[in-house]
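To start, the structure itself, in structure tokens.
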Amino acid sequence: MPAPLFRAAEVRPHPKLRKNDVMRFWASAIMLAGLVLSLGAHGEARAAAKGIEACKPGGACAHPLPVRVVVVSMFEIGNDTGDAPGEFQLWKERRHLDMQIPFPQSHHDLYYNPDSQILGIVTGMGSIKSATATLALGLDQRFDLTHAYWLVAGIAGIDPQDASIGSAAWARYLVDGDLAHEIDAREIPKDWKSGYFPLHSKGPNDPSPPVGQGEIFEINSGLRDWAYGLTKDMTLPDDPSITKERLRYTGYPMAQRPPFVLKGDQLAAMTFWHGRLMTEWANDWVKYWTQGKGEFVTSAMEETGTYQSILYLDRIGRVDKNRFMVLRAGSNFTMPPPDDTAAHYLLSENEGYSGMKAALESLYMVGSKVIDELIGHWDRYEKTVPE
């Protein structure tokens, strides 16, 4: 920290100043002091940014980059700028993440803004890539992540029983959908609801309490509720194409609403599944692992891997697990409308998600609201996690 340009105790108002003048004087002095400290922090970040080229990936670094927020994306389409956007592009362009930092130990180079101290990472799709990318970043000595907030911002399938495409959900529970037993659907016994059931259970009808090995994570619910409170009244992007699509979901009033912000839990599985029966399975799976406390809303592939690495890094003081947030926006529904079949709808959606554009805009708008609050009051949130 650079030496202050003045000491508050040495600045004395004129004895003839009135009380209101004195109060205004001290208010101005405090604001100036805050500006000086802020400029000092930016100066340190810029100085570290200039020297980071001397630090090799994975090696020691005398002056690591300070990071306030890590924006976690999972994929990009084509180039990072200037074409059809994936999850990363809006963040890179609009947040001016212009400083490219080589990251050969993972999927994609990192990008940084020395002024805002936002770092962007693209992990790659799937829990294996997200876990290894997060661990690689956390162990990289070029970065000071001690006080960094982590925002996972990704598209997802969304349950039409809970929300519409374009809607954005803040998660509390992250549930893994991969660790399981399975038999082919054509060989399921008549009294089984599914051929897919948890490890350590005696079948899909086993009422025993869950015995987990990393299938369920609960992230900081206080931070989640705080982020939701900041964003719950936001008006999210809508357009005629998703309006038309959601009107097909007769009998699903939440699916027919314009996009909105909600609370909802996340199921991560490496298989891109789809359909009414699979959506029933997802709801049952999340209820089972959360013992009825969670509500399945979004489906994706990465969160359990990402957060597992965060937990490991927290153990050695590299990151703070309580500063981790998950925001997923619906680019597609997890099941077809009543007038279509699962197979047809899945194949048509694979040609282009109907809510992709709206979901990406929702992620940026909602996530930015939280980031702006954190960075704008960093003096408060650097050491105190909001609740």
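In the set (1) of a type in the set (G, A, S); (2) under 23 Å from R323 (Cα atoms); (3) assigned to a helix (DSSP H, G or I), the condition left unmet by A47 is number (2). Is it the case that some residue within segment 83-92 is of a type outside the set (A, V, I, L, M, F, W, C), free of Cβ contacts under 8 Å to residues at least 40 places away in the same chain, more than 30 Å from M278 (Cα to Cα) and in a loop (DSSP other than H, G, I, E, B)? So far as segment 83-92 goes, yes, one or more of its residues are of a type outside the set (A, V, I, L, M, F, W, C), free of Cβ contacts under 8 Å to residues at least 40 places away in the same chain, more than 30 Å from M278 (Cα to Cα) and in a loop (DSSP other than H, G, I, E, B).
Table: residues versus (1) under 28 Å from I52 (Cβ atoms); (2) touching a His at 6+ places or on another chain (Cβ under 6 Å); (3) outside the structural domain of G43 (by TED's automatic domain parsing); (4) in a strand (DSSP E or B).
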| residue | (1), (2), (3), (4) |
| --- | --- |
| P104 | yes, no, yes, no |
| H108 | yes, no, yes, no |
| V152 | yes, no, yes, yes |
| K190 | no, no, yes, no |
| S194 | no, no, yes, no |
| F197 | no, yes, yes, yes |
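Kindly indicate whether any position in segment 132-142 is in a strand (DSSP E or B) and assigned by TED's automatic domain parsing to the domain that holds R224. So far as segment 132-142 goes, no, none of its residues is in a strand (DSSP E or B) and assigned by TED's automatic domain parsing to the domain that holds R224. Is at least one residue of segment 87-95 surrounded by 20 or more Cβ atoms within 10 Å (Cβ to Cβ) and of a type in the set (F, W, Y)? Within segment 87-95, one or more residues are surrounded by 20 or more Cβ atoms within 10 Å (Cβ to Cβ) and of a type in the set (F, W, Y).
In the set L119, L97, only one residue is in contact with a strand residue (DSSP E or B) (Cβ under 9 Å, 6 or more places away or on another chain), in the same structural domain as T306 (by TED's automatic domain parsing), assigned to a loop (DSSP other than H, G, I, E, B) and of a type in the set (A, V, I, L, M, F, W, C); that residue is L97.
Pairs linking a residue in segment 61-73 that is free of Cβ contacts under 8 Å to residues at least 24 places away in the same chain and not assigned by TED's automatic domain parsing to the domain that holds I375 to a residue that is outside any strand (DSSP E or B) and of a type in the set (K, R), with Cβ atoms under 7 Å and 6 or more positions apart or on different chains, do not occur. Candidates G352, G330: the one that is assigned by TED's automatic domain parsing to the domain that holds K232, under 27 Å from T271 (Cβ atoms) and touching a Ser or Thr at 6+ places or on another chain (Cβ under 7 Å) is G330. Check whether at least one residue in segment 298-317 is in contact (Cβ under 8 Å) with a residue 24 or more places away in the chain and over 24 Å from G177 (Cα atoms), and report yes or no. Looking through segment 298-317, at least one residue is in contact (Cβ under 8 Å) with a residue 24 or more places away in the chain and over 24 Å from G177 (Cα atoms).
Only residues that are surrounded by fewer than 24 Cβ atoms within 10 Å (Cβ to Cβ), farther than 30 Å from R142 by Cβ and polar (S, T, N, Q) were counted across segment 282-331, and they come to 3.
The values are calculated or read from the model by the stated rules, or taken from the named source; none is laboratory data. Remember, it's a predicted structure, so these values are computed and weren't measured experimentally. A quick note on method: Cβ atoms are made from the backbone with ideal geometry, for glycine too, and the neighbour counts reach across all protein chains shown.
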